[in-house]
Every structure is written in C-alpha cells, then in structure tokens.
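Working notes, structure below.
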Amino acid sequence: MQNTQGLFISFEGIDGAGKSTHIEAVAQAFESQGRSVTRTREPGGTPLAEALRQLVLNDPMDALTESLLVFAARRDHIQGVIAPALAQGRVVLCDRFTDATFAYQGAGRGFDLGVLQTLEQWVQASGAEAQALLQPQLTIWFDLPPAVAAARLTGARVPDKFESQPLAFFEAVAGGYATRLAQDPERFARINADQSPEAVRDQVIGALRAKAFLPGAQSA
Ligand code: TMP
C-alpha cells in the first residue's frame, strides 16, 4: 500500500497512431519517481476481458453487440484491475478506455451516442454518488492524419477487424476523438503524433508535467 493517491491515465488514438511505444516511456518516467505502475489495456486487462477482446476484434457483429461486449469487458476490468490499483495508490496507464467506444462504435460505426452514454453511466458509476463516473484524470490523445496512420500500419501485421477498415472509417473515428476532447478539454492532452518519436515523447512528458503528474525538472 502506498500513501500517494492513485492516478488514472488513458491513451487514445486511431490504429497506427503509435501510442504503445510511448506508454512504456511514461511507465518508466513514473517508476523513476518511485511510483508503482499498472500497465493495462482495453478491451482486455483481465482473463474475461481478454476473451471478449478476441471476439470483438475478430468476429463479425453489429454495433450494439460490439458496444455491449466492450462495456462488459470494461466493467470486469474496472472491478478486477483499475479500481483496486487506484485504491492502492498506483499509477494506472490504460491503453484505450471509453473514449475509444465513443470514437469507434459511436463515430466510426455511427452507433447511438445516447445508448453509449447510458452504458457509460452503468459501467463507470463509482461509489454512492450515481453522478460520479470513473474517468481518467488525463487522456493522452495521439492525433495523426488517418492516411499517415494507414501508411504506418501497412504490412506491420495481419490486420484485425478494425485495422482493415477503410480510410473513411478512421476519419470518422478521428472526428469522434475530436468531439470527446471538445466535450471535456481539461481531461485531454492532444499530441501531434505526426512527428518524430522523440518529439512525440517530449510532448507526452510535457503534458504530464503540465498537470504536475511528473515534476518539471525531471529528465525522463
Ligand atoms: P488496440 O489495437 O489499440 O489494442 O485496440 C484494439 C482495437 O479495438 C482498436 O482497433 C480499437 C478497438 N476498440 C473499439 O472498437 N472500442 C473500444 O471501446 C475499445 C477499447 C477498442
């Protein structure tokens, strides 16, 4: 058990935006400050949620089914990993969270945002206050033109159901992220991901310093 407060940070972006590399750098930056870090992802993070991930990424289904499965995975992930880690004062670095559902199922698939909001309330309601939703304290959004992301992904690996979507889908998803940022600008840090890995990393560390989550003088 640590004395420090838990910290919940999510990482978002379209497929190919390059977020995974930078999550490791963020983990190291926190660990060098003596913080305990939980690295996790969505859909996934628990045995049940990882099993649901395989279905969501590979099996054809309609947008409601997809939404129900990602929120079911999220519920199990919150209960099994995120909430306990935060209660122990750990830093939780989550590769995607609910913004991905609004971006992919909402904006990308065109699914009903009102239904997603209801699911968000059900799944992320925390504690006695029904209004208090578990949300990341900071969401780092790797913003990259979809055409650049597609070029980066080409040949990288066998594409899953989402990665093989056309450019127009990712343009809609990117628009979904922009909408989420506009709705909650304080929570988001938009990173220009169309730069060198070093420049992107500097922006990410800068965003963490700006929130005072990392000390300013720290050379991560
Ligand atoms: P990843 O490849 O970054 O781990 O993400 C898995 C894929 O799942 C990615 O294409 C985005 C998609 N996804 C959704 O469609 N809805 C969600 O709620 C989440 C978390 C991911």
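Points to keep in mind about this one:
- Counting only residues that are out of contact with any Phe, Trp or Tyr (no Cβ under 8 Å at 6 or more places or on another chain) and part of a loop (DSSP other than H, G, I, E, B), segment 1-24 holds 7 of them.
- Residue check for Pro60: away from the ligand (no atom under 14 Å from the Cβ), more than 15 Å from the chain's Cα centre (by Cα) and modelled with pLDDT of 95 or more: no
- Residue count for segment 71-99, restricted to those that are in contact (Cβ under 8 Å) with a residue 60 or more places away in the chain, among the small types (Gly, Ala, Ser) and open to solvent by 10 Å² or more (accessible area, probe 1.4 Å): 1
- One residue from Glu24, Glu50, Glu120 being within 27 Å of Arg201 (Cβ to Cβ) and over 12 Å from the mean Cα position of the chain (by Cα): Glu24
- Which listed residue, of Gly155, Gly175, is of a type outside the set (Ser, Thr, Tyr), away from the ligand (no atom under 13 Å from the Cβ), assigned to a loop (DSSP other than H, G, I, E, B) and farther than 24 Å from Gln79 by Cα: Gly155
- Looking only at segment 100-152, and only at residues there that are hydroxyl-bearing (Ser, Thr, Tyr) and either open to solvent by less than 10 Å² (accessible area, probe 1.4 Å) or within 11 Å of the ligand (Cβ to nearest atom) (or both), the one that is nearest to Gln5 (Cα to Cα): Thr139
- Scoring Gly34 on the criteria (1) exposed (fewer than 15 other Cβ atoms within 10 Å of the Cβ); (2) touching a residue at least 12 places away in the same chain (Cβ under 8 Å); (3) away from the ligand (no atom under 11 Å from the Cβ); (4) over 21 Å from Leu116 (Cβ atoms) leaves a single failure, condition (2).
The values are calculated or read from the model by the stated rules, or taken from the named source; none is laboratory data. Owing to the predicted nature of the structure, the values given are computational and were not obtained by experimental measurement. Heads up, the Cβs are rebuilt from the backbone with ideal geometry, glycines too, and the neighbour counts pull from every protein chain shown. Remember, those area values only see protein heavy atoms, side chains included, never the ligands or the DNA or RNA. Shrake-Rupley method; radii C 1.70, N 1.55, O 1.52, S 1.80 Å.
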